[in-house]
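Structure record follows, encoded as structure tokens.
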Amino acid sequence: MNYKDKKIYLAGNGGMVGSAIQRSLVKNNYTNLIVRQFDELNLIRQADVEKFFSSEKPEIVIVAAAKVGGILANNTYRAQFLYENLMIESNIIHAAHEAGVEKLIFLGSSCIYPKLAPQPLKEEYLLSDYLEYTNEPYALAKISGIKLCESYYRQYGDNYYSAMPTNLYGQNDNFNLETSHVLPALMRKFHEAKVNTAGEKIPDVTIWGTGSPKREFLYVEDLAEAIVFLLEKIDAKDLYEKGISQINVGTGEDLTIGELALLVADVVGFKGKIVYDKSKPDGTPRKLMDVSRINSLGWKYKTPLRQGIEQTYAWFLKNKC
């Protein structure tokens, strides 16, 4: 399907995911893009969103806007994560329907799947069991967005569907230790320990939990290419008529947090001791995406984890130090 000449609204272009999608769209010759910063359009305000859609009349919408964070942020700001994400997705999806938007892709998260679901996580496992408590509000909001897209398809025939990326990292990531995800948090901790070394003593770096949970990581530029691929190759009916509500996007490979820590430490050049605070939560024991569906359609990730971490650290040194 050729959408090159369509007017595309990319919600959330200022974040890590949205900015990567914008770069990928431009690289693939999508130039008729509409973007707005938060101070230009508050997506939590329904009237503002409806006014924007009425005036701009986008034909395609990609929803990368969200309030995101790691375990600490998710568990601390539970009401904020639930409320803001519900409002953002509800306002955009409904306004898109009212404006007659031809196609909408909503980005979710692997945390939508149950805490103890079989591995790897198949699309069919959605709503099959209990969620992980620490990120339950965020997961519930994302599940609502998935089902909102599906419901607008089933009631109105709208070509709206959802893509579920695994854990993402890369350029423009959040390196704030209070709100970041595990990989950028490790990168910042190891970097600061390295540069703040006084004399012979290298500071220890403490990591939450046991280091045993397993996680999958996808370089954000690969995710962006996947979204362009889905835009061109997949319609809502291709998912819903096969009995699934979303399509997974990931590498299909994982490693323990302990192994990730050693890898990031090596890339950063941290030579000190890694200490695990076992009093802190581990979160879900394992989250590995089954990506057989998107692979069978012709998309596969390109960036090996070490290469992606090296590129992310180079960006961090240039922009955050």
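Annotations for the structure displayed:
- Number of positions in the range 132-166 that are crowded, with 20+ Cβ neighbours inside 10 Å and either at pLDDT below 95 or part of a helix (DSSP H, G or I) (or both): 16
- Hits in the range 66-108 - residues which are under 18 Å from Gln155 (Cα atoms) and either in contact with a Lys or Arg (Cβ under 6 Å, 6 or more places away or on another chain) or not in a helix (DSSP H, G or I) (or both): Ala99, Gly100, Val101, Glu102, Lys103, Leu104, Ile105, Phe106
- Candidate set: the range 1-47, residues that are in contact (Cβ under 8 Å) with a residue 12 or more places away in the chain and charged (D, E, K, R); chosen: the one nearest to Asn85 (Cα to Cα): Arg45
- Within this structure, Thr179 fails the test of being in a loop (DSSP other than H, G, I, E, B) and surrounded by fewer than 17 Cβ atoms within 10 Å (Cβ to Cβ).
- Residues that are at pLDDT 95 or above and not in a helix (DSSP H, G or I) within the range 14-35 comprise Asn28, Asn29, Tyr30, Asn32, Leu33, Ile34, Val35, listed in sequence order.
- Among residues that are farther than 26 Å from Cys149 by Cα, in contact (Cβ under 8 Å) with a residue 40 or more places away in the chain and in contact with a Cys (Cβ under 8 Å, 6 or more places away or on another chain), His181 is not included.
Residues are listed down the side, and each one gets a yes or a no for (1) of a type in the set (Lys, Arg); (2) in contact with a Lys or Arg (Cβ under 7 Å, 6 or more places away or on another chain); (3) modelled with pLDDT of 95 or more; (4) closer than 27 Å to Ile112 by Cβ:
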position: Lys273; (1), (2), (3), (4): yes, no, no, no
position: Ser279; (1), (2), (3), (4): no, no, no, no
position: Gly283; (1), (2), (3), (4): no, no, no, yes
position: Lys287; (1), (2), (3), (4): yes, yes, no, yes
position: Asp290; (1), (2), (3), (4): no, yes, yes, yes
position: Tyr301; (1), (2), (3), (4): no, no, yes, yes
position: Arg306; (1), (2), (3), (4): yes, no, yes, no
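- Taken as a whole, the condition of being of a type in the set (Asp, Glu), surrounded by fewer than 19 Cβ atoms within 10 Å (Cβ to Cβ), modelled with pLDDT of 95 or more and over 20 Å from Lys122 (Cβ atoms) does not apply to Asp222.
- If the condition is being touching a strand residue (DSSP E or B) at 6+ places or on another chain (Cβ under 8 Å), under 12 Å from Ile112 (Cβ atoms) and not aliphatic (A, V, I, L, M), then the range 133-164 contributes Gly145, Ser162.
- For the range 259-270, the candidate set comprises residues that are over 27 Å from Ile227 (Cβ atoms) and more than 22 Å from the chain's Cα centre (by Cα); within that set, the residue that is surrounded by the most Cβ atoms within 10 Å (Cβ to Cβ) is Phe270.
A quick yes/no check of all residues on (1) closer than 29 Å to Arg215 by Cβ; (2) surrounded by 23 or more Cβ atoms within 10 Å (Cβ to Cβ); (3) at pLDDT below 95:
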| position | (1), (2), (3) |
| --- | --- |
| Ala66 | yes, yes, yes |
| Asn74 | yes, yes, yes |
| Ala79 | yes, no, no |
| Glu89 | yes, yes, no |
| Leu104 | yes, yes, no |
| Leu107 | yes, yes, no |
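- Among the residues of the range 228-267, those identified as within 23 Å of Thr284 (Cβ to Cβ) and among the hydroxyl-bearing types (Ser, Thr, Tyr) are Ser245, Thr251, Thr256.
- Filter result for Phe81 (in contact (Cβ under 8 Å) with a residue 60 or more places away in the chain and aromatic (Phe, Trp, Tyr)): yes
The values are calculated or read from the model by the stated rules, or taken from the named source; none is laboratory data. What you see is a predicted model; the values in this text were computed from it and never measured. A quick note on method: Cβ atoms are made from the backbone with ideal geometry, for glycine too, and the neighbour counts reach across all protein chains shown.
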